[in-house]
Structure formats: structure tokens, C-alpha cells
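Here's the structure we're looking at; comments come further down.
The values are calculated or read from the model by the stated rules, or taken from the named source; none is laboratory data. What you are looking at is a predicted structure, and each value in this text was computed from that prediction instead of being measured. Cβ sites come from the backbone with ideal geometry, for glycine too, and all protein chains shown count toward neighbours.
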Amino acid sequence: MTQLEKAKKGVATREMKEVAKYEGLPVAYILKNIKEGKIVIPSNLSRRPERVFGIGKGLKTKINTNLGTSPESNILALELSKTKLAIAKGTHTIMDLSIGGDLDKIRRKILEKCCIPLGTVPIYQTVVETMRSKRDLSKMSVKDIFSTIEKQAKDGVDFMTIHAGVTKTSLERLKSGKRLTSIVSRGGSFLSQWILKNKKENPLYEYFDDLLQIARKYDITLSLGDGLRPGSLADATDRPQIQELIILGELAVRAREKNVQVMIEGPGHLPLNQVEANVLLEKSLCQEAPFYVLGPIVTDVAPGYDHLTAAIGGAVAGAAGADFLCYVTPSEHLRLPTLDDVVEGVIASRIAAHVADISKGVKGALEWDNRMGKMRGERKWKEQIELAVNPDRARKLRMKSNPKVSDVCTMCGKYCSLKGVEKWLS
């Protein structure tokens, strides 16, 4: 049985108990919100990752790390190193988005090294294998799509992005509009091309019930993808995006009825003043399903710094109620991320998530900052470094400028404000 099915029967699973312990919340709270579709726990029945996390209402905001090969960079060892590094830096999930090399081997090797939930986008592999067999993308069959989904489910994938909201109707709205950046979702682009060339409905929408059977069998959490998300600020919150969101909300209801866990993916590129509205809209249309936002990136003009533009948007989205942030690296829009890029992306996203948790009043969030404030007030440098989001970087900066490890830093030295008033205020 799935986590959702057991929750409906009032059964607290091992995973629910682990999530409750991690969050410092009653098991009954976790069970109730899983039952209502407001929390999900990605955990494939055939794999059961070593560490599980809950995503949703009242929980710490989680982050995801994307990685994977491309046709231009197909180095499995590098992606395995990224997996290990992202986990060490505190990511809660990994997504393998590989489109280069032996995709089955890559996914299975990453699964071996991944002690946390792993996600995929199955349509990527289906399209890649279709084109490698010298067939046009339009010749991809419904059987091809569902065979890939079943294969990845058997391998142990815990959650899958499924672009079921890209339909003939939503594409008509897209064609009648004037977007600057049409379709930036890779999965959305693939399925749009298939729909338009074949003049048929999206198989993931038309045969959604078949998808639910596979998802229920393995307890795959479906992440209903935003294939028509805005790729620039000018396209934010337009008709195609909202049409797709309405469809995803309807599909989420169907998934819950079949005991399949589901979350919703969101934009994308958004002006800062539209971020909160997008979160509230998703929560309303999708009956408070966990919301997984891709950034959001809040300005289009900062390539090389999009880990920062996404962190700004992610903090605002999280504070408004988003539950899951997809990290963005400095390489976004420019290249495949390096190991250093992965670190920068994970840390920036973790900061955004924590800022959101303070705003939402998540249990334990502000207490972390209060401990840091106390250690700063007492000039306890070792403890400050240990409390940092990235202790390695904090330690490196401290030691590089202050190798003698004095009780002050090189900013103020003997004029340290805290030290100056210490004896008078003690």
C-alpha cells in the first residue's frame, strides 16, 4: 500500500514516524496531512531510501538538486561526485535529468549512491531513445512512454515529473498568445512537438489512469510538471501557465482518489510582486497540494548569478507557502553545472528555504538563528562556524584572514564593538 493509502486507514508507517521525528512534530499531524494530500513522502516501495523527508504543510521547506549528463558532457563519475557533494551539503532530494550516455546505467549508479529520494523525468529517456533509434520524435509511441515509466519505477525512482498538463487546449492558448520565450521546459517542449505533429492528445493526460496504476504499484510520488511555465518575466502568470495549473489541480484530485501521492510544480521566472500570488493560486486550485517551485527566478538579467535571483524568489515563495525549492546554480542558462556550481546552488537554496521557514514559523527555524546570535555575542568562533549553513566556507574565510585565531575578526580588530562594551554590560 502507498503512504496515502495507509494514512487513509490510520496506519502510521515507518516513514511517517521518521518524518515526524525529523520535523519535531506529532506523528498524528503527519498522518493527517498525508491523508488530506497536503504532505507527501517520496519513497519507492521497491527501494525505500535510507533517509526520507516529508514535503508539505507545516514542514521545513525542502530543496532539490538537479544533475545529470548531457550529449556534450557525459561523465558518469562527475555526476556521482555531484550526488555525493549535494547530499553532504544538505540537499533533501536529487533529480537525475540525464540525456547523454547509457541512461539506464547512469540512473542505476546514481540510485546506488543516493541515500535520499531520487526523482526523474521519464519522458527524457523515452525521447532520447526514440531519436537514437533514428525515429522522429513524433514516432514515439504511448507504449514507449509507459514502458520507460515502468522501468524507472522498478529501478526504485521515488518521484517523477510528469508533464500531463500540456494538452491540446493549453497549446492553443499558447499559440494564440505572444510569449517572448515560448516553451522553456524540456519535457513540455518534447510533448508539445509530439501533440502538434500527431494532432493527438498528450498520452500522459489521455492515459492518466494507466499512469496512476504504475504510480500506486510502486508508491511513486507524482510531481505534476509545469511544461508551460514562464521562461521570462514578460510571460509570467499568463493564460497558458494558468490553464495548465487548472488542469494539474484536476489531475491531483484524481491521483489522490487512486491513493497516489502528488505534488505540483510551479514557475519559473516571475517578477517578485507576483510570487506570492502564484503560490496562493496553486494552493487554492490544487487543494493545498505541496508546491514545488523552480526558483522562481525574479530577474532575467543576471546570468552567472541565478543562484542568487532564485534564492530571492525562493525565500518569498517559501514564506508564502511553497514547500519545495528546486535549486538553481550560477550556471543556469549558461552551461552544465560544475562541482563548485552545485555547492553554490545547494547552499543558496538552503538559505532561501531557511529564511522562508523563519517567516512561516516552522518549528526550530528561528531557534537556529538565536543560537548563532548568542555565539556571536560571546565571540565563540568555533561554535559560530559549526552553526553556519556551510561550515567549510565559514572556517576557510575565518582562518585565511585570522590565522592566529584571536577572539576578534579582522574587520574591527581591537575596536570590536562587542568586546568594547563587554565588561561594562556584564
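Structural remarks
- Selected residue (criterion: nearest to residue 212 (Cα to Cα)) from residues of the range 1-39 that are of a type in the set (Gly, Ala, Ser) and assigned to a loop (DSSP other than H, G, I, E, B): 37
- Residue 57 fulfils the conditions (1) touching a residue at least 40 places away in the same chain (Cβ under 8 Å); (2) within 30 Å of residue 125 (Cα to Cα); (3) basic (Lys, Arg) except for a single criterion, (2).
- Qualifying residue in the range 86-97 (condition: under 19 Å from the mean Cα position of the chain (by Cα), buried (at least 23 other Cβ atoms within 10 Å of the Cβ) and in a helix (DSSP H, G or I)): yes
- Between 140, 160, 131, the distinction of being surrounded by fewer than 22 Cβ atoms within 10 Å (Cβ to Cβ) and either of a type outside the set (D, E, K, R) or touching a Cys at 6+ places or on another chain (Cβ under 8 Å) (or both) belongs to 131 only.
- Any pair with Cβ under 8 angstrom, 6 or more apart, that starts in the range 233-257 at a residue that is in the same structural domain as residue 298 (by TED's automatic domain parsing) and closer than 20 Å to residue 208 by Cβ and ends at one that is assigned to a helix (DSSP H, G or I) and basic (Lys, Arg): 240/173; 243/173
- Note on the range 271-294: residues that are in contact with a strand residue (DSSP E or B) (Cβ under 7 Å, 6 or more places away or on another chain) and small (Gly, Ala, Ser) total 1.
- Residue within the range 198-208 that is within 23 Å of residue 117 (Cβ to Cβ), surrounded by fewer than 22 Cβ atoms within 10 Å (Cβ to Cβ) and at pLDDT 95 or above present: yes
- The condition (being closer than 30 Å to residue 57 by Cβ, surrounded by fewer than 16 Cβ atoms within 10 Å (Cβ to Cβ), out of contact with any Gly (no Cβ under 7 Å at 6 or more places or on another chain) and of a type in the set (Gly, Ala, Ser)) is satisfied by just one residue among 361, 377: 361.
- Of all residues in the range 310-355, those that are touching a strand residue (DSSP E or B) at 6+ places or on another chain (Cβ under 8 Å), closer than 19 Å to residue 271 by Cβ and either outside the structural domain of residue 273 (by TED's automatic domain parsing) or in a helix (DSSP H, G or I) (or both) total 6.
- Subset tally (residues that are assigned to a helix (DSSP H, G or I), more than 21 Å from the chain's Cα centre (by Cα) and not hydrophobic (A, V, I, L, M, F, W, C)) for the range 162-207: 14
- Of 106, 116, all but one fail to be in the same structural domain as residue 219 (by TED's automatic domain parsing), assigned to a loop (DSSP other than H, G, I, E, B) and either at pLDDT below 95 or crowded, with 18+ Cβ neighbours inside 10 Å (or both); the exception is 116.
- Pairs with Cβ under 9 Å, 6+ apart, first in the range 112-124 and touching a residue at least 60 places away in the same chain (Cβ under 8 Å), second buried (at least 24 other Cβ atoms within 10 Å of the Cβ) and of a type in the set (D, E, K, R): 114/96; 116/158; 117/158; 118/96; 118/158; 119/96; 119/158; 121/96
- Just one residue in the set 76, 45, 31 is surrounded by fewer than 19 Cβ atoms within 10 Å (Cβ to Cβ) and free of Cβ contacts under 8 Å to residues at least 40 places away in the same chain; that residue is 76.
- Qualifying positions in the range 245-270 - out of contact with any strand residue (DSSP E or B) (no Cβ under 9 Å at 6 or more places or on another chain) and crowded, with 24+ Cβ neighbours inside 10 Å: none
- The conditions of being farther than 25 Å from residue 70 by Cα and under 18 Å from the mean Cα position of the chain (by Cα) are met by residue 318.
- Taken over the range 373-421, the criterion of being in a helix (DSSP H, G or I), small (Gly, Ala, Ser) and more than 18 Å from residue 351 (Cα to Cα) is satisfied by 377, 401, 413, 417, 420.
- Test result for residue 240, in contact with a Gly (Cβ under 7 Å, 6 or more places away or on another chain), within 24 Å of residue 201 (Cα to Cα) and not in a strand (DSSP E or B): yes
- A single entry from 249, 227 fulfils the requirement of being outside any helix (DSSP H, G or I) and either farther than 21 Å from residue 349 by Cα or of a type in the set (A, V, I, L, M, F, W, C) (or both): 227.
- Only one of the listed residues (325, 334) is closer than 30 Å to residue 71 by Cα and in contact (Cβ under 8 Å) with a residue 40 or more places away in the chain. That residue is 325.
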